[in-house]
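One structure is given below, encoded as structure tokens.
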Amino acid sequence: MKSGCAYLMANHRPGKTYLGATSDLPKRAWEHRNGVIEGHSKANGCILLVWYEYFDDLQDARACEYRMKKWHPCVEDKADRRAQSRVAGLVRHAALNRTPAKAA
């Protein structure tokens, strides 16, 4: 059984995000920062690691990734900046282990 991480990269706040899963987070973050792999994260400059969660099983990390992608399908929709800002706020608060403030 191989361990893994679900992770979130961003270009800035609020901005474009990339959600993924990997068995080697330091290597994968380096690949994002250096634009090694073509695709969404390279095209949008998603170079900042803003969140990750470790799992004993890579399949659990992938399941977490898929669940999170279903929660916020509009995160990568350029027209929906408010949703991106809200997701960025939730990620920031989760990273700080705080309860998010109520929306105004």
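Brief remarks on what is shown
- Protein heavy-atom accessible surface, 1.4 Å probe, per residue over the stretch 3-50: 49 Å².
- Remark on the stretch 18-57: Rg and Dmax equal 10.2, 31 Å (Cα only).
- The 1.4 Å probe gives accessible areas that order W51, W71, W30, largest first, as W71, W30, W51.
- K70, K2, K16, ranked by accessible area, largest first (probe 1.4 Å): K70, K2, K16
The values are calculated or read from the model by the stated rules, or taken from the named source; none is laboratory data. From a predicted model like this one, the values you see are computed outputs, not experimental measurements. Note: accessible area is taken over every heavy atom of the protein model, side chains too, but ligands, DNA and RNA are not part of it. Shrake-Rupley method; radii C 1.70, N 1.55, O 1.52, S 1.80 Å.
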